[in-house]
Amino acid sequence: MTTASAFSFHHEKEVRLNTSPEKAFVYLDDFRQLSAHMTNSSAMMAGSKMTLSTDEQDGRAPGARVRMEGKVLGLTLALEEVVTEREPPFTKVWQTVRSDLLVIGEYQLGFALGASGGRSLLRVFIDYDLPQHGFARWLGKLLGRTYARWCVERMANDAAARFPFAAAGAS
């Protein structure tokens, strides 16, 4: 898995999943699951949402392409990502090849799964830069860290909600 980063900023979150890495990977390998926070209306998206499309590889192979487009506050946003690493059931990494976003610029995003007694430890991460120019650069300085944290934590927390541990004392 990629460890060195050419990006300026980093955020990650770890969560425990009550499932095997194999089952967790099947869920996480689906961009529709991972991108739900972007394709559903939310406050962080100013009430807007983006549409997701994939190539014939459906985002499930190195070189596969994923696109998202939408409007936020009347501005058109778009990005295209390519899967750069995919090693089932442990890692997947993708990065932007084209990014027209408001608060973050180019990025690399991914996850790593580790086994722990029939369960999994999931680490979701993003390495990113701020937008390069103008208003988006200023907005990125103001909100980029918040947006990156929201994105990573939504992915990790959505996976934890999909594979929850039973409450103490529950049978």
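The values are calculated or read from the model by the stated rules, or taken from the named source; none is laboratory data. Everything numeric in this text was worked out from a predicted model, so none of it was measured. Ideal geometry is used to build each Cβ from the backbone, glycine not excepted, and the neighbour counts take in all protein chains shown. Note: areas computed on protein heavy atoms with side chains; ligands, DNA, RNA excluded. Shrake-Rupley method; radii C 1.70, N 1.55, O 1.52, S 1.80 Å.
Tally up the residues in the range 9-52 that are at pLDDT 95 or above, within 16 Å of the chain's Cα centre (by Cα) and open to solvent by less than 20 Å² (accessible area, probe 1.4 Å), please. Even if it seems obvious, please write down each step before you answer.
Keep residues of the range 9-52 that are at pLDDT 95 or above, which gives 9-29.
Now restrict to residues that are within 16 Å of the chain's Cα centre (by Cα): 9-15, 24-29.
Restricting the remaining residues to those that are open to solvent by less than 20 Å² (accessible area, probe 1.4 Å) gives 15, 24-25, 28-29.
Number of matching residues: 5.
Output the residues belonging to the range 116-135 that are among the aliphatic types (A, V, I, L, M) and touching an Asp or Glu at 6+ places or on another chain (Cβ under 9 Å).
The answer is L121, L122, V124, I126.
Take the residues in the range 98-121 that are surrounded by fewer than 15 Cβ atoms within 10 Å (Cβ to Cβ) and touching a Leu at 6+ places or on another chain (Cβ under 9 Å); name whichever of them is nearest to C151 (Cα to Cα). So that I can check it myself, show each step before the final result.
Taking the range 98-121 and keeping what is surrounded by fewer than 15 Cβ atoms within 10 Å (Cβ to Cβ), we get 98, 114-118.
Imposing the further condition that a residue be touching a Leu at 6+ places or on another chain (Cβ under 9 Å) reduces the set to 98, 114-115.
Details: R98: 18, G114: 21, A115: 24 Å.
In this case the residue turns out to be R98.
All but one of (1) open to solvent by 40 Å² or more (accessible area, probe 1.4 Å); (2) part of a helix (DSSP H, G or I) hold for A156, so report the exception by its number.
Only one criterion in (1) open to solvent by 40 Å² or more (accessible area, probe 1.4 Å); (2) part of a helix (DSSP H, G or I) is unmet by A156, namely (1).
Can you name every residue in the range 126-147 that is polar (S, T, N, Q) and over 18 Å from the mean Cα position of the chain (by Cα)? Steps first, please.
Just the residues of the range 126-147 that are polar (S, T, N, Q), to begin with: 132, 146.
Listed by number, the list holds a single entry, Q132.
Say whether the condition of being closer than 17 Å to E80 by Cβ and polar (S, T, N, Q) is met by at least one residue in the range 103-119. Spell out the reasoning first.
Just the residues of the range 103-119 that are closer than 17 Å to E80 by Cβ, to begin with: 104-110.
From what is left, the residues that are polar (S, T, N, Q) are 108.
Yes, because at least one residue in the range 103-119 is closer than 17 Å to E80 by Cβ and polar (S, T, N, Q).
To keep it simple, each residue is scored yes or no on (1) among the charged types (D, E, K, R); (2) touching a helix residue (DSSP H, G or I) at 6+ places or on another chain (Cβ under 8 Å).
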residue	(1), (2)
D58	yes, yes
T84	no, no
F90	no, yes
V103	no, yes
Q108	no, no
Q132	no, no
A159	no, yes
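Checking the structure you have, find out if any residue of the range 122-135 is of a type in the set (A, V, I, L, M, F, W, C) and assigned to a loop (DSSP other than H, G, I, E, B).
Our first condition is that a residue be of a type in the set (A, V, I, L, M, F, W, C); within the range 122-135, this holds for 122, 124-126, 130, 135.
If we keep only those that are assigned to a loop (DSSP other than H, G, I, E, B) too, we end up with 130.
For the range 122-135, residues of a type in the set (A, V, I, L, M, F, W, C) and assigned to a loop (DSSP other than H, G, I, E, B): present.
Quick check on the range 53-60. Is at least one of its residues open to solvent by less than 30 Å² (accessible area, probe 1.4 Å), modelled with pLDDT under 95 and within 14 Å of K92 (Cβ to Cβ)?
Yes.
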